[in-house]
Amino acid sequence: MIRPVCALDAPAITAIYNHYILNTVVTFELDPLNDSDIHSRIEQVLTKQLPWFVIEQKGEVVGFAYANTWKERVAYQNTAEITVYIAPQALGKGLGRLLYAALFDALAKTHIHSVIGVVTLPNVASEKLHEQFSMEKAAHFKEVGYKFDKWLDVGYWQGFIQRDS
């Protein structure tokens, strides 16, 4: 079941995201977050009237996706950065694709025109996910992150929101 995020989802989201902080290079954050940090991030996204969804299995939140401001300058107001995270035990089941589908549908009802996905490279699964939504690799930045004693590359995937009009 996919639904809009609520404040009560913060602990589950924190647990999922902290797994990626502590064990992977998927995010460049280094220190675990607490529920209050996540709650603040949820509020920040919702205040901008951008979507944030969670996906549940058997009543447990096992993933989330959201759109947020890409850059703060006003002329970027119609571009959003999109993000998806799936709990480790739920990977490989197509949940990221389902969350992105819901996110893209919701974004079609907003002012957002262009979306950017940021991927630590290499990450074949994430690259393919973005490409399933007609996103194309637009940039490759070499050695811009440093985590777990190694330099990391980042790719940017860009796509456009399709509207029915």
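The values are calculated or read from the model by the stated rules, or taken from the named source; none is laboratory data. Bear in mind the structure is a predicted one, so any value in this text is a computation, not a measurement. Ideal geometry is used to build each Cβ from the backbone, glycine not excepted, and the neighbour counts take in all protein chains shown. Side chains included, ligands, DNA and RNA excluded: accessible areas come from the protein's heavy atoms. Shrake-Rupley method; radii C 1.70, N 1.55, O 1.52, S 1.80 Å.
Descriptive notes on the structure:
- Cross-link partners for K128 among the lysines, with Cα-Cα distance under 23 Å and sequence neighbours closer than 8 places in the same chain left out: K93, K137, K142.
- Rounded to the nearest angstrom and listed largest first, the equivalent-ellipsoid semi-axes of region 1-141 from its Cα gyration tensor are 21, 18, 16.
- Bridge type composition, the chain - antiparallel percent by DSSP, nearest 5: 90 percent
- Expressed as a whole percent, the accessible surface of the chain that belongs to carbon and sulfur atoms is 52, based on a 1.4 Å probe.
- About its Cα centre, region 73-165 has a charge dipole of approximately 100 debye under the convention of +1 per Lys or Arg Cβ and -1 per Asp or Glu Cβ, with nothing else charged.
- Summed residue charge, Cβ within 11 Å of I16's Cβ, Lys/Arg positive, Asp/Glu negative: -2
- Summed residue charge, Cβ within 13 Å of Q44's Cβ, Lys/Arg positive, Asp/Glu negative: -2
- Sum of -39500 (n - 2.57) over DSSP H runs of 4+, divided by residues of the chain (222 nm, nearest 500): -9500 deg cm²/dmol
- For region 1-156, the solvent-accessible area with a 1.4 angstrom probe is 55 square angstrom per residue.
- Counted charge near A67, where neighbours are those whose Cβ lies closer than 14 Å (Asp, Glu -1; Lys, Arg +1): +2
- Here's the picture: charge each Lys and Arg Cβ at +1 and each Asp and Glu Cβ at -1 in the chain, and of L99, F133, I86 the one pushed furthest to the positive end of that dipole is F133.
- Overall, the chain carries a charge dipole of about 340 debye about its Cα centre when +1 sits on the Cβ of Lys and Arg and -1 on the Cβ of Asp and Glu, all other atoms neutral.
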